[in-house]
């Protein structure tokens, strides 16, 4: 037999737990990267533990209960490993048990070699997901929860050769709205939606009844109340030893919540060779959701979708609008047709945007002004991904129109880069390579070091010392940012014990708003209570504070223990003086972007002078950052700034004092 081998299978190690009485075909050796044979349950478990197995094939002829327990044991050790069953048994109870155990495939003797390899090849994506999460143990518990939810949502039924339902599980009843008594003995036509094309069912029955193969697809059904729902279906014929169909097993997943117009237009993309896709977004839709109730929002979405085609210029008309929810719509057309119309795409879309802007949406006597932004992509492969990435950028950067071909590739590269950074941070945390550098702060009158600022650094696997710019912003999006803060706090408090000057530590509102970080700070303040009066917390001036009262409470708590409060980067942001005074700071650190221009820019000098005057009236000390030359220092001293920090006096460095 001429077997078409799979490159994917060639990468795998197959554990075949077979019956002692049966031989095995040599094609398995040729098909897989490595073949491990076992002849009973004990031998199979031992070899599973001794080798890294990618796929398990279990021959099910004898000792059913022992092998079912073996499957459960393997699943406990490797929840996402692929398990396939080979058996002559086509009893309904056996098949249901395998479904309950979560096996990935069921083959009957005599095995069809090519069908088996095709099934393995189709499991590649399933294998990759399993590998990814097995390598990331932190997500195992989360994924188990997902798996439990998926198992509970499975819709299972059995049908005899006449098409009559002989079994329906509880989920089938719940989703369809029928009781088991109402379903048993009935044809599946009882839940068939009239809009489902007849060709779907012809293809289904040709596959499972004539070709005797598994059918996979999406079907629209109708429940007892007359409401439609979509299911992703896997329907398999069950054959006897003579190869005759004796019944059918159907396993379905309810996907109604995620299947809307988006599914139809994605199918349409796949059916076209080259397409033009335009994604449209109602601007500030999130604000509409906050301002209006759900009923009004639904009416706005439907009405705008209904009228959208009328806003398009007359040069070219799209046939359909696809509602993607959340204020987003898609327009799709054959690219060749659009190009033959001689339409200039950018001018066409600008007119479209302007038509919407000049229109009024009238809903039940209330008028709504709607503005849109959009992205477009042309081609076939990754078309939706490109347009979606472009629309994200349009929204993020307040653009109107974006041509977004290849944007998905760029986003994938950025995502890969971010993952590499997160991995680097994790390795640095595990190896205690999140360290602190310390930069001196000089008293402008005495030129003596009176303080140090603690600055975080990361040492990578190659020994390079990286600044926060290279890892901190990405870390804030993951789970490691607070661990970095904890490490910086630990490093800084140890240094505080070793020096006699004051020490300044940076804290963001993200840090303070996290209860675990506040508790960590309070614990360290108690541990180092003899030195905490030399401690300064620098707070970044941030207009995105979620809980202002929480920040004020923290400041009062630490100040009561002798800690000073500094406002970092003052003058660069919105500088809300009224809000600032509620923090009752002891120190203002003037932003370096102002300081570095002070020699040649009169505006910068005026800003610094204003800050110094304000600070002195409030009895607040001032520190200038980015003091890099004597000339800058002289200006600052003349203006009355109290302290200076910058390369003129010293770079950040690792102090080996602890």
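Descriptive notes on the structure:
- Within region 468-519, if we keep just the residues that are in a loop (DSSP other than H, G, I, E, B) and more than 15 Å from residue 428 (Cβ to Cβ), the residue that is modelled with the lowest pLDDT turns out to be 477.
- Single condition residue 554 does not satisfy, out of (1) part of a helix (DSSP H, G or I); (2) over 25 Å from residue 437 (Cβ atoms); (3) at pLDDT below 90: (3)
- Residue in region 623-634 that is on the phi > 0 side of the Ramachandran plot and over 45 Å from the mean Cα position of the chain (by Cα) present: no
- The residues listed here are 581, 588; of these, the one that is modelled with pLDDT under 95, over 38 Å from the mean Cα position of the chain (by Cα), assigned by TED's automatic domain parsing to the domain that holds residue 452 and in a strand (DSSP E or B) is 588.
- Qualifying residue in region 598-607 (condition: assigned by TED's automatic domain parsing to the domain that holds residue 457 and under 20 Å from residue 564 (Cβ atoms)): no
- Just one of the listed residues (362, 420) is at pLDDT below 85 and in a strand (DSSP E or B), and it is 362.
- Checking each residue in region 614-658 for being over 17 Å from residue 445 (Cβ atoms), assigned to a helix (DSSP H, G or I) and in contact with a helix residue (DSSP H, G or I) (Cβ under 9 Å, 6 or more places away or on another chain) picks out only 614.
- Criterion violated by residue 326 - all others in (1) under 22 Å from residue 285 (Cα atoms); (2) surrounded by 11 or more Cβ atoms within 10 Å (Cβ to Cβ); (3) in contact with a strand residue (DSSP E or B) (Cβ under 8 Å, 6 or more places away or on another chain) satisfied: (3)
- Among the residues of region 175-194, those identified as surrounded by 18 or more Cβ atoms within 10 Å (Cβ to Cβ) and within 13 Å of residue 219 (Cβ to Cβ) are 175, 176, 188, 191.
- Per-region count, region 21-79, residues under 34 Å from the mean Cα position of the chain (by Cα) and closer than 21 Å to residue 102 by Cβ: 17
- Checking each residue in region 426-444 for being in contact with a strand residue (DSSP E or B) (Cβ under 6 Å, 6 or more places away or on another chain) and part of a loop (DSSP other than H, G, I, E, B) picks out 433, 444.
- Test: residue in region 142-155 that is at pLDDT 70 or above, under 24 Å from residue 225 (Cβ atoms) and within 36 Å of the chain's Cα centre (by Cα): yes
The values are calculated or read from the model by the stated rules, or taken from the named source; none is laboratory data. In this text, all values refer to a predicted model and were calculated from it rather than measured experimentally. FYI the Cβ positions are ideal-geometry reconstructions off the backbone, even for glycines, and counts take in every protein chain you see.
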